[in-house]
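The values are calculated or read from the model by the stated rules, or taken from the named source; none is laboratory data. Quick caveat, the model's predicted, so the values are computed rather than measured. So basically every Cβ, Gly included, is an ideal-geometry build from the backbone, and we count neighbours across all protein chains shown.
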Amino acid sequence: MKNGQGQVAEIFLDSRVRLVCPPELIPAPGQYLLAHAVDSGDPLADSVFFSQSAPNGFVAAPGQSWTPGTQLNLRGPLGHGFNIPTAARKVALIAFDDSPERLRGLIPLAFKLGAEVVLVSDVPAADLPEAVEVQPLQALDEICRWSDFAAFDVARENLPELKKRIGVGNQLQAQILIRAPMPCGAIAECGVCAVNIRREWKLICKDGPVFDI
Ligand code: FES
């Protein structure tokens, strides 16, 4: 984990943000940075997730309200990211309730393993590689049955709904990125990001944000 400076270089039409920053601050897919605009009066930092590689930095998933040129204080990379099993050959990326951009960074990693990739989302993603098949959330059950590894992205408040959809006892091998406010990024143990997983309290900012399920 490092501290450093970055800058907003570009905002895309789909609200993704291209950041310029030192290479050691670039998070892996599923990890995050805490970013605070230098001239912001807001005491809380934004959580920034990797979406795609870019020269001199990376493209971050949507979620911030910055403008090009904004100077940022950055801390990270933080937390545990995704880890696709090397034996995976049918990879499902499932954005349950939001943009699929936090999962996009897994596409080149899955292709490197020789896996097929299906993206399940009701939110469109621009400029996907042609080899990625896109399916609506309606196809969730079918794609879960097809896949040998699934990566989910879901808000903490929607976990019960997701659990219901994929079914208790489902043997699916999967990891899940759980989104919640992470104001302290594990520094103050504020507990705002707590989540109950298998009857145990975990901190999303520190034990996650990606968990095995
Ligand atoms: S954000 Fe404070 S403990 Fe997780």
Item to check | Residue check for Ala126: in the same structural domain as Ala194 (by TED's automatic domain parsing), under 13 Å from Arg89 (Cα atoms) and within 19 Å of the chain's Cα centre (by Cα) | outcome: no
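Residues checked against (1) more than 30 Å from Arg145 (Cα to Cα); (2) among the aromatic types (Phe, Trp, Tyr); (3) modelled with pLDDT of 95 or more:
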site	(1), (2), (3)
Asn3	yes, no, no
Gly6	yes, no, yes
Asp14	yes, no, no
Leu44	yes, no, no
Ser53	yes, no, yes
Gly57	yes, no, yes
Trp66	yes, yes, no
Thr70	yes, no, yes
Checklist entry - Based on what the data block shows, is Val154 in contact (Cβ under 8 Å) with a residue 40 or more places away in the chain and of a type in the set (A, V, I, L, M, F, W, C)? => result yes
Checklist entry - Scanning region 32-48 for residues that are within 25 Å of Leu109 (Cα to Cα) and touching a residue at least 60 places away in the same chain (Cβ under 8 Å), which turns out surrounded by the most Cβ atoms within 10 Å (Cβ to Cβ)? => result Tyr32
Checklist entry - Just for region 77-98: of the residues that are among the hydrophobic types (A, V, I, L, M, F, W, C) and in a loop (DSSP other than H, G, I, E, B), which one is surrounded by the fewest Cβ atoms within 10 Å (Cβ to Cβ)? => result Ala87
Next on the checklist: All but one of (1) without any contact (Cβ under 8 Å) to a residue 24 or more places away in the chain; (2) under 19 Å from the mean Cα position of the chain (by Cα) hold for Glu142; state the number of the condition that does not hold.
Outcome noted: (2)
Checklist entry - Does Glu101 count as acidic (Asp, Glu), at pLDDT 95 or above and surrounded by fewer than 18 Cβ atoms within 10 Å (Cβ to Cβ)? => result no
Checklist entry - Does Val20 satisfy the criteria of being in contact with a Leu (Cβ under 8 Å, 6 or more places away or on another chain), modelled with pLDDT of 95 or more and on the phi < 0 side of the Ramachandran plot? => result no
